[in-house]
Ligand code: DGL
């Protein structure tokens, strides 16, 4: 199908996490139309088997690119990118398909052999894509990959601060803080939504890296290259979800507004 610049850019995540990427996309390209899709009925992806994540991602991509005629797909989920980006690019060779990966490169190069903590889902850290990334930078830094089971579920409930979240973070980070890291990579798009609490639990000054800004820039480049950039006006934003009857969409809209504040910290 031939696309024009007015067709929307689809942004896909298992739930609320991709909002942190959507935010960067809108900051960079406010003229574009966007459809944000949260597969909330199937979140979390990061604790499923990789085949299941791949099948869900391909199915959602079909809806967005074929039925809803999006001109490009941003896979705003590290887990879904690890599981399905190659298959998506094979299936849609003529459309921009952009993935996200943990921002290990800038973190590893941020100091003289820094100690870098990489927080991500179990699937992301297990998959080959991250293992290859790790190999590329392990001589530059001391890298500690740390899976964070349970964190996405809590964020999906709308818990972004408070004692319950801090107790979970303390438990997850317990063995990773002595000695304290120099840099933290938020390798799951949900985690920037709770970065204030992550900083609080870490307790010492630490530089935080996330993949959203780089993914937004790459999306801009790919749209330009394909002649698909919408240049004028203010774009529309539509939220969709596999949890259409539930409370997910109002929660996503509310978080989208508050994420704007937190990300500018
Ligand atoms: N936001 C997704 C990511 O970046 C994963 C969340 C999930 O486990 O569903 O990895």
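Quick note: the coordinates plus some simple rules give every number you see, no bench work behind them. Just so you know, these numbers come straight off a predicted model, no measurement behind them. We place every Cβ from the backbone using ideal geometry, glycine too, and count neighbours over all the protein chains shown.
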ask   = Helix 128-137 versus the longest principal axis of the chain: what is the Cα-based angle in degrees, 0 to 90, to the nearest 10?
value = 60
For the stretch 1-149, convex hull volume per residue from C-alpha positions, Å³ = 111
note = If one builds a Gaussian network model of the chain from Cα atoms under 10 Å apart, the most fluctuating residue listed among 201, 97, 152 is 201
query = Do the sum for the chain: with -39,500 (n - 2.57) for every DSSP H run of n ≥ 4, divided by all residues, what is the mean residue ellipticity at 222 nm, to the nearest 500 deg cm²/dmol?
reply = -12500 deg cm²/dmol
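Of the DSSP beta bridges with both residues in the stretch 1-87, give the percent that are antiparallel, rounding to the nearest 5.
0
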note = A student applying the Cα gyration tensor rule (rounded when a/c is under 1.5; otherwise prolate if a/b is larger than b/c, oblate if not) would label the stretch 51-119 prolate
ask   = So, in Å, what gap is there between the alpha-carbon centers of the stretch 193-265 and the stretch 120-172?
value = 18
query = Could you give the semi-axes, largest first, of the ellipsoid that matches the stretch 103-222, computed as the square roots of 5 times the alpha carbon gyration tensor eigenvalues and rounded to whole Å?
reply = 22, 18, 14
key: Quotient of Cα Rg and 2.2 N^0.38 Å for the stretch 3-64, N being how many residues it contains   = 1.22
ask   = Once a ≥ b ≥ c are taken as the square roots of the eigenvalues of the Cα gyration tensor of the stretch 114-156, is the result rounded (a/c under 1.5), prolate (a/b larger than b/c) or oblate (a/b not larger than b/c)?
value = oblate
inquiry  = How large is the Rg to Rh ratio of the chain when both quantities use alpha carbon positions and Rh follows Kirkwood?
reply    = 0.95
note = For residue 132 and residue 244, extending 7 Å from Cα along the Cα-Cβ vector and measuring point to point gives, in nm, a value of 3.7
ask   = Normalized C-alpha radius of gyration of the stretch 165-262, against 2.2 N^0.38 Å?
value = 1.41
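Have a look at the DSSP beta bridges in the chain and tell me what percent are antiparallel, nearest 5.
0
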